[in-house]
Amino acid sequence: MSDMKIDLDNEIYNVIIERKRTTKNTYIRVKENLDIYVTCNKLTSDRFIINLINDNKSRILKMINIRKKKLAKDEYFYYLGKKYDLVYLNKKGITFGEEKVFVSTDFNLDKWYKKEAEKVFQIELDKMYNSFVYKIPYPSLCIRKMKTRWGVCNVKTHKVTLNLELIKKDIKYLDYVIVHELSHLLYANHSKAFWDCVGDNFKDYKKIRKELKQDE
Ligand SMILES: [Zn+2]
């Protein structure tokens, strides 16, 4: 296997070449990640392949566009309450536009969300902890994807677990869930005293809670 790059209509594509002794013809495919994949005979030259791609440029661009459309279908990107169109590019990393977010086709969104959440959740936890009107132990923070809960509080180990999905929502929801879980450090139940404590630390909590439709 060997690698080349080719410029088609001002976009650079990877050309992956697989040379086989037994292959007589040259085949061109476009992979899901928009790499151009060429299978050919062992003796086929790079020059021949480049010429072949250029001769079939419009057909290959058509294949690329079909792949792009598939990738773009109903794809949105949510970050801190803002919805962006997710656009795939043959460019490394992630770039934010006004209404769009551009990522490479092999970009690991979950990993990126996790890294962002580790920063944002810790800052908000510290903020809500510092303004908390009752004395509570400082909790450790854990972040993971959860199916049915926005947050969990382990009262014994003082560990607050927050749902990674909160990174997609407006920060007020994150702050409410943090206050909710911090209040559990004082009340392990959902008694009136517990809700009074939540209310003392988060004025609008009834509205926010309703919007979140949360399972505690
Ligand atoms: Zn609860």
Sulfur and carbon atoms: percent of accessible area, region 110-191 [1.4 Å]: 52 percent
Loop-located trypsin sites (Lys or Arg not before Pro) in region 41-134, at most 16 other Cβ atoms within 10 Å (DSSP): Lys42, Lys73, Lys91, Lys92
Neighbour cut-off at most 10 other Cβ (10 Å), DSSP loop, trypsin sites (Lys or Arg not before Pro), region 147-216: Lys147, Lys156, Lys203, Lys213
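For the full complex of protein chains and a 1.4 angstrom probe, list Asp200, Asp55 by accessible area with the highest value first. Please report the intermediate quantities before stating the final value.
Details: Asp200 75, Asp55 125 Å².
If we order Asp200, Asp55 from most to least accessible, we get Asp55, Asp200.
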Span from the region 123-200 Cα centroid across to the region 1-62 one, whole angstrom: 54 Å
Mean accessible surface per residue for region 175-216, computed with a 1.4 Å probe while every protein chain stays in place, in Å²: 52 Å²
From the C-alpha gyration tensor of the chain, square roots of 5λ in Å: 53, 16, 13
In Å², nearest 10: area of Phe48 left accessible to a 1.4 Å probe: 100 Å²
Virtual paramagnetic centre 7 Å along Cα→Cβ of Ile123, amide N under 17 Å, in region 77-95: 79-82
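Can you give the FRET efficiency to the nearest 0.05 for Lys115 and Lys24, using r as the Cβ-Cβ distance and R₀ = 45 Å?
For R0 = 45 Å, the calculated efficiency reads 0.40.
Which GluC sites (Glu not before Pro) does region 1-81 hold that lie in a coil by DSSP with at most 11 other beta carbons within 10 Å?
Working: sites: Glu11, Glu18, Glu32, Glu75; in loops: Glu32, Glu75.
Filter output for region 1-81: Glu32.
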Pair Lys207, Lys147: separation of 7 Å Cα→Cβ label points (nm): 3.4 nm
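Among the listed pairs Lys82/Lys169; Lys159/Lys203; Lys70/Lys111; Lys100/Lys207; Lys111/Lys213, which have their C-alpha atoms separated by more than 18 angstrom in this model? Let's see the in-between values first.
Details: Lys82/Lys169 7 Å; Lys159/Lys203 24 Å; Lys70/Lys111 22 Å; Lys100/Lys207 30 Å; Lys111/Lys213 26 Å.
The pairs that break the limit, which is 18 Å between Cα atoms, are Lys159/Lys203; Lys70/Lys111; Lys100/Lys207; Lys111/Lys213.
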Cα gyration tensor, region 136-216 - rounded (a/c under 1.5), prolate or oblate: oblate
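The values are calculated or read from the model by the stated rules, or taken from the named source; none is laboratory data. Worth saying up front: this structure is predicted, and the values here are computed from it rather than measured. Note that we place each Cβ from the backbone using ideal geometry, even for glycine, and neighbour counts take in every protein chain shown. Side chains included, ligands, DNA and RNA excluded: accessible areas come from the protein's heavy atoms. Shrake-Rupley method; radii C 1.70, N 1.55, O 1.52, S 1.80 Å.
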